[in-house]
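Okay, structure first, notes after.
The values are calculated or read from the model by the stated rules, or taken from the named source; none is laboratory data. This structure is a prediction, so every number in the text was calculated from the model and none was measured. All Cβ positions, glycine included, derive from the backbone under ideal geometry; neighbour counts span all protein chains shown.
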Amino acid sequence: MCPRSMSVNTEGHGQGSRRAMYNGSMPIKLIAMDLDGTLLDSHGKLPEENAEAIAEAAARGAEIVIVTGRRFHSARLTTARLSCDLAFISSNGALIKGRSGETHYQRLLPIGVARQVLEATPEYRACAGVIFDRPLERQVIFEKIDWNGAYVGPYLARHREQVAEVKPLTDCLDDDPVEILYLSDCASIQRVAGQLAQFPLASQYTLAMTEYQARNLSMLDVLQRGVSKGAALAEWASRRGIARAEIMAIGDNWNDREMLQYAGLPVVMGNSVAALKESGWETTVSNDDCGVARAIRKHVLEIPAAHAGR
């Protein structure tokens, strides 16, 4: 397991560092949920039970926000079965978009910072990619993709039309990217995270890690300083006039920590990394047992409908 320090934010948590003000009996107005390991099962599918619970919560007036490390287009495709209105906080908080793709909030990584990060990690170039906020083509740039490899190829295979190769990778930096992505086995990502956390430029970016030990798969995102799921959720809630105490957040991984800390009602998945379970937050059942539906039924659907949309 990644050590505790490997949540690897290079700054203080800001709003997210404050202990969540637990909801108590206040009706939930906004449900923020992670995708992989949370809303989706271990096969990357959206269980019908989760979809039904979300639809009923939305019908009662709760706002639904997908909060994910995935790119917007990937997140939207994965949740296409959800018929209710959705907002998407994607790329670990760098973007907030509506379902039709309109951008409400954007925090890009400065091109100069991105270039220096890539130049400082040449030994990890095979697992490094650059992500852009673009309509379709050339959203994801790698130097060379091994489509039959263990990590990068399978991760990108479903979205080949959005992927391109550029060598050297730094030549793709003709605009500010959303992030730099490192994708590999857990040990390799721990090493690059440790290296970037000590880099003299570390004060100019945030590191967000996601880890799946059972699959020996880990991802590290290098984002604009201050970007996190929690910061983006706070921004969206402020725009919507929703208080922290009226928000339930559900997550399972290191990159969900700030979101859970911000929410008035944080719920951790049964399959979560151990450190989140040790935070004193409520734990639901696993993603394969529809833990999202269980949490929504308990905290939203069992509250009389007359109160849910207040």
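Odds and ends about this structure:
- Whichever residue in the stretch 250-269 is more than 12 Å from the chain's Cα centre (by Cα) and closer than 19 Å to residue 51 by Cβ and, among such residues, is surrounded by the fewest Cβ atoms within 10 Å (Cβ to Cβ): 267
- Conditions (1) within 18 Å of the chain's Cα centre (by Cα); (2) at pLDDT 95 or above; (3) surrounded by fewer than 19 Cβ atoms within 10 Å (Cβ to Cβ); number of the one not met by residue 203: (1)
- Listed by first and then second residue, the pairs linking a residue in the stretch 194-216 that is within 16 Å of residue 181 (Cβ to Cβ) to a residue that is part of a helix (DSSP H, G or I) and of a type in the set (S, T, N, Q), with Cβ atoms under 7 Å apart and 6 or more places separating them unless they lie on different chains, are 208/92; 208/255; 209/7; 209/255; 210/255.
- Pairing each residue of the stretch 224-250 that is among the hydrophobic types (A, V, I, L, M, F, W, C) with any residue that is part of a helix (DSSP H, G or I) and modelled with pLDDT under 95, provided the two are 6+ apart or on different chains, yields C-beta distances under 8 Å for 231/14; 231/15; 231/16; 234/15; 234/16.
- Some residue of the stretch 60-77 being out of contact with any helix residue (DSSP H, G or I) (no Cβ under 9 Å at 6 or more places or on another chain), without any contact (Cβ under 8 Å) to a residue 12 or more places away in the chain and farther than 19 Å from residue 300 by Cα: no
- Annotation: of all residues in the stretch 172-203 being assigned to a helix (DSSP H, G or I) and among the β-branched types (Val, Ile, Thr), the one that is nearest to residue 120 (Cα to Cα) is 192.
Each row is one residue, and each column tells you yes or no for (1) of a type in the set (A, V, I, L, M); (2) at pLDDT 95 or above.
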site: 132; (1), (2): no, yes
site: 139; (1), (2): no, yes
site: 157; (1), (2): yes, no
site: 160; (1), (2): no, no
site: 167; (1), (2): no, yes
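Let's see how each residue does on (1) among the charged types (D, E, K, R); (2) in contact with a helix residue (DSSP H, G or I) (Cβ under 8 Å, 6 or more places away or on another chain); (3) part of a strand (DSSP E or B):
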{"position": "88", "(1), (2), (3)": "no, yes, yes"}
{"position": "115", "(1), (2), (3)": "yes, yes, no"}
{"position": "119", "(1), (2), (3)": "yes, yes, no"}
{"position": "150", "(1), (2), (3)": "no, no, no"}
{"position": "157", "(1), (2), (3)": "no, no, no"}
{"position": "170", "(1), (2), (3)": "no, yes, no"}
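- Residues that are surrounded by 19 or more Cβ atoms within 10 Å (Cβ to Cβ), small (Gly, Ala, Ser) and in contact with a Ser or Thr (Cβ under 8 Å, 6 or more places away or on another chain), drawn from the stretch 45-71: 69
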